[in-house]
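Peer 1: Shown below is the structure under consideration.
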Amino acid sequence: MTLTAERTVDSSARRPALRAMQADDQLVVLDHAEWNDYERLLEIRGESATPRLTFIDGVLELMTPSRHHEFDKTTIGRLIEIWALEMDVALSGAGSWTIKSKLAQRGAEPDECYLLEPLGDDPSRPDIAIEVVRSSGGLNKLEVYRALGVPEVWFWQDRRLDVYGLDGDQYQSLERSRKLPSLDPALIESCMTAPTQTEAIQQLRRSLTAAR
């Protein structure tokens, strides 16, 4: 199956040293980057939320999300958290946690990510990473998360919520999350069509109440 979530930049392919692409989000991809370059940019950026940085095998992506991107990621996050509260599911949000491994030469910052409770002593990765996709031409996020060992990656793209689960060392497309099996992706997709976040949450609550 061709994964719509790949948006691949093959790190072995020949590319210009720098290219900028402007669609909904602002995306810049730098070739021939070193791990130290990546860590230095993280240090310079500090606690700021942008740009979001992704690193894979000497290729560094800097993404500045648009207002629409942030609206979508916040709406999805609120829906998941309200769903967990209503369904009595113990879930901890970790936002755009910087997940990285020098050994694997990978680093990523999801739009949102979650850990199932109870938490371990010092978790090194989330159980679920969520990516909102509104621009093409970026790095293969599944390949980044695969090497980081993130069990599930969810992509919100083109009004669809696609779920991928790690089987061995490869991701497989899933009908539903293994981590949150009672969460129906179609319900989230339906609520995401609401014009405001408040209406999206109200729609979610009505659906959950009707299902009880």
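Peer 1: Among Leu41, Leu183, Leu53, which one shows the highest mean-square fluctuation when the chain is modelled as a Gaussian network with alpha-carbon springs under 10 Å?
Peer 2: Comparing Leu41, Leu183, Leu53 in a Gaussian network model of the chain, the most mobile one is Leu41.
Peer 1: Moving on. Tally Lys and Arg at +1 and Asp and Glu at -1 over the other residues with C-beta under 15 Å from the C-beta of Tyr38: what net charge comes out?
Peer 2: -2
Peer 1: In the neighborhood of Asp184, defined by Cβ-to-Cβ distances under 15 Å, what is the net charge if each Lys or Arg adds +1 and each Asp or Glu adds -1?
Peer 2: Within the 15 Å Cβ shell, the charges total +3.
Peer 1: Of [x] 55, 38, 38; [y] 53, 36, 34; [z] 46, 42, 32, which is the value of Cα extents along the principal axes in Å derived from the coordinates here?
Peer 2: Among [x] 55, 38, 38; [y] 53, 36, 34; [z] 46, 42, 32, the one calculated here is [x].
Peer 1: Could you calculate the contour length gain from Val28 to Ser48, that is, 0.36 nm times the residue separation minus the distance between their Cα atoms, to one decimal place in nm?
Peer 2: 5.4 nm
Peer 1: Only Cα pairs within less than 10 Å get springs; with that Gaussian network setup on the chain, which residue of Arg125, Arg176, Arg40 has the largest fluctuation?
Peer 2: Arg40
Peer 1: What is the extension gain from Glu117 to Thr193, computed as 0.36 nm multiplied by their sequence separation minus the C-alpha to C-alpha distance, in nm to one decimal?
Peer 2: Extra length from Glu117 to Thr193 when fully extended: 24.4 nm.
Peer 1: Same structure, new question: Which distance in Å, rounded to a whole number, links the C-alpha centroids of the stretch 33-92 and the stretch 136-189?
Peer 2: 15 Å
Peer 1: Hey, with R₀ at 35 Å, roughly what FRET efficiency would Ser207 and Ser136 work out to, going by the Cβ-Cβ distance, to 0.05?
Peer 2: So, using R0 = 35 Å, E works out to roughly 0.65.
Peer 1: Give me the percent of accessible area attributable to carbon and sulfur for the chain, probe 1.4 angstrom.
Peer 2: 47 percent
Peer 1: As a test of the formula, what do you get for the chain when each DSSP H run with n ≥ 4 contributes -39,500 (n - 2.57) and the sum is divided by the residue count, at 222 nm and rounded to the nearest 500 deg cm²/dmol?
Peer 2: Details: 5 runs with 61 residues, N = 212.
For the chain, the value works out to -9000 deg cm²/dmol.
Peer 1: Radius of gyration and Dmax for the stretch 73-171's Cα atoms, expressed in Å?
Peer 2: Cα only, the stretch 73-171: 13.4, 40 Å (Rg, Dmax).
The values are calculated or read from the model by the stated rules, or taken from the named source; none is laboratory data. Note that the coordinates shown come from a computational prediction; the quantities given were computed from them, not determined experimentally. A quick note on method: Cβ atoms are made from the backbone with ideal geometry, for glycine too, and the neighbour counts reach across all protein chains shown. Only protein heavy atoms, including side chains, enter the accessible area calculation; ligands, DNA and RNA are left aside. Shrake-Rupley method; radii C 1.70, N 1.55, O 1.52, S 1.80 Å.
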